[in-house]
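Report on the structure given below.
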Amino acid sequence: MISIEDIGAVRGFRLARSILGRAMYYTAAYWADGLMIDTGCFYTVSELVSALEELKVERIVNTHSHEDHIGANAALTKRFGAEILAHPLAIPALAIPRDQKHLNPYQVIMWGYPEPSSATAIPGTIRTKQHRFNVIHTPGHSLDHICLYEPDEG
């Protein structure tokens, strides 16, 4: 299940696996000038790829390596040739093959096993045509967690 909202020049996606017609747990992803911030879960890959067909995805930033934020990495890389950027601690987790990745039963039900993907270390600043994001390491939710701050937009 997917819903889309434009917030100025940014397109926001609310993504959730649907079971018996009901969304189970929403995750978020954002697109800004060819930059995709997170990619949702494995169960919403086809919907997200379809929703992005009219847009250009040049790069993906993963805010952390949890399965509900990296699910469409491989599909978007294959479809658009997008480069994936992540905190150095996230890079090994993104590359784990599905048959070697451990998920708890609730994680499998809600988000599924993401396909492995390859990433490079994110620099301190990410620029798009209209935005400049400062990358801030914010460990807590996960050790590899980052936030993007756009100082001109606050």
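Each value in this text was obtained by applying a stated rule to the coordinates, not by laboratory testing. Quick caveat, the model's predicted, so the values are computed rather than measured. Don't worry about glycine lacking a Cβ; one is built from the backbone with ideal geometry, like all the others, and counts go over all protein chains shown.
Summary table below
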{"quantity": "Sparse-neighbour loop sites [trypsin sites (Lys or Arg not before Pro); segment 115-154; at most 11 other C-beta within 10 Å; DSSP]", "calculated": "Lys129"}
{"quantity": "Antiparallel %, DSSP beta bridges [both residues in the chain], to 5", "calculated": "75 percent"}
{"quantity": "Simple label model, 7 Å out from Cα along Cβ direction - Met1 to Gln130, nm", "calculated": "2.9 nm"}
{"quantity": "Fully extended contour minus Cα-Cα distance, from Ala9 to His141, at 0.36 nm per residue", "calculated": "44.7 nm"}
{"quantity": "Full-extension gain in nm, Lys101 to Asp33, via 0.36 nm per residue minus C-alpha separation", "calculated": "21.3 nm"}
{"quantity": "Segment 2-149 - percent relative contact order, Cα under 8 Å, separation 6 or more", "calculated": "19 percent"}
{"quantity": "Pair Ile109, Glu153: separation of 7 Å Cα→Cβ label points (nm)", "calculated": "3.6 nm"}
{"quantity": "Rounded to the nearest 20 debye, dipole of segment 1-145 from Cβ charges on Lys, Arg, Asp, Glu", "calculated": "80 debye"}
{"quantity": "Efficiency of FRET between Lys56 and Arg22 - r from beta-carbon atoms, R0 22 angstrom, step 0.05", "calculated": "0.10"}
{"quantity": "Vicinal HN-Hα couplings computed from phi for segment 14-21 (Karplus, 6.51 cos²θ - 1.76 cosθ + 1.60; Hz; Gly/Pro x)", "calculated": "9, 10, 7, 5, 9, 10, 6, x"}
